[in-house]
Amino acid sequence: MDHYLYAVRFIGALLIATLLPLLIDRRARR
Amino acid sequence: MYIGHVGAALAGKRARASIGLLVLLVAAYAPDWVDTGLCLAGSYNPHGMLSHSIPSVFLFALTGFAAYGMVTRDWRGALVVAAVVLSHMFLDWITGYKPTWPGGPMMGLRLYEHPIADFFVEGVTIFIGTMLYARTLPPRRRPWVDVSIMLGALLALQLTINIAQLLTKSLPKC
């Protein structure tokens, strides 16, 4: 069970590192 | 390396502005996405032999090169995508401790064990990447605002991770 929790946390961190620059980039190119 | 990989993706944008930033970000984190998949599948290796070793990363770079080149027919862009995938390995050698090849030695400066030094190195990588990326933005009356938001958000994210490292010495990936 633990490794699913770790995976969810890891996916969350990767998604934040991916989506945050994307959102800022979209704003900058508006 | 954590958020420093975003710096490599941003530098890739400067090298070939026509490549979507999402493609470059996925390329920059490709070995970590593979690790996540292995974790979910229950076959995660803490040393990252299947995700971070030299042959694995070269395979991902080749896959990225072929996929991007075949879809877009932009082979110069495909080279940039492959270079961004490869950057993951080189950047991780600065901050982490990664496998080279099966049976080969582990390699890396292990800056993760020194969060302040890690923040400094990742911060420099983020700064260089953001400055290169800034040149791809359309002309604005106050262009430094967008650049400052990008730089500030990435540094804040990196700082959060480094503080978490200081508070909890062990943060297992899987």
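Just one of the numbered conditions (1) within 11 Å of chain A (Cβ to nearest Cβ); (2) closer than 25 Å to B:M107 by Cβ; (3) free of Cβ contacts under 8 Å to residues at least 24 places away in the same chain is not true of B:N45: (1).
Would you confirm whether any residue within the range B:137-144 is hydrophobic (A, V, I, L, M, F, W, C), surrounded by 15 or more Cβ atoms within 10 Å (Cβ to Cβ), more than 14 Å from the chain's Cα centre (by Cα) and part of a helix (DSSP H, G or I)? Taking every residue of the range B:137-144 in turn, none turns out to be hydrophobic (A, V, I, L, M, F, W, C), surrounded by 15 or more Cβ atoms within 10 Å (Cβ to Cβ), more than 14 Å from the chain's Cα centre (by Cα) and part of a helix (DSSP H, G or I). Within the range B:35-55, if we keep just the residues that are of a type outside the set (D, E) and crowded, with 21+ Cβ neighbours inside 10 Å, the residue that is nearest to B:L22 (Cα to Cα) turns out to be B:T36.
If the condition is being more than 16 Å from the chain's Cα centre (by Cα) and at positive phi, then the range B:26-65 contributes only B:G42. For the range B:73-96, which residues satisfy the criterion of being charged (D, E, K, R) and free of Cβ contacts under 8 Å to residues at least 60 places away in the same chain? Residues satisfying the conditions are B:R73, B:D74. Among the residues making up the range B:145-156, those that are buried (at least 20 other Cβ atoms within 10 Å of the Cβ) and facing chain A (nearest Cβ under 8 Å) are B:D146, B:M150, B:L154.
Just one of the listed residues (B:V121, B:V71, B:V85) is under 19 Å from B:A15 (Cβ atoms) and buried (at least 17 other Cβ atoms within 10 Å of the Cβ), namely B:V85. For B:L91, the conditions (1) in a helix (DSSP H, G or I); (2) touching a strand residue (DSSP E or B) at 6+ places or on another chain (Cβ under 7 Å) are fulfilled apart from (2).
The residues of the range B:94-111 that are assigned to a helix (DSSP H, G or I) and buried (at least 19 other Cβ atoms within 10 Å of the Cβ), listed by number, are B:T95, B:L111.
Among the conditions (1) in contact (Cβ under 8 Å) with a residue 12 or more places away in the chain; (2) more than 18 Å from B:I128 (Cβ to Cβ); (3) in a helix (DSSP H, G or I), B:M70 misses just one, which is (1).
Every number in this text was worked out from the coordinates using simple rules, so none of it is lab data. Predicted model, so just to flag it, every value in this text is computed and none were measured. Reconstructed Cβ throughout: ideal geometry from the backbone, glycine too, with neighbour counts over all protein chains shown.
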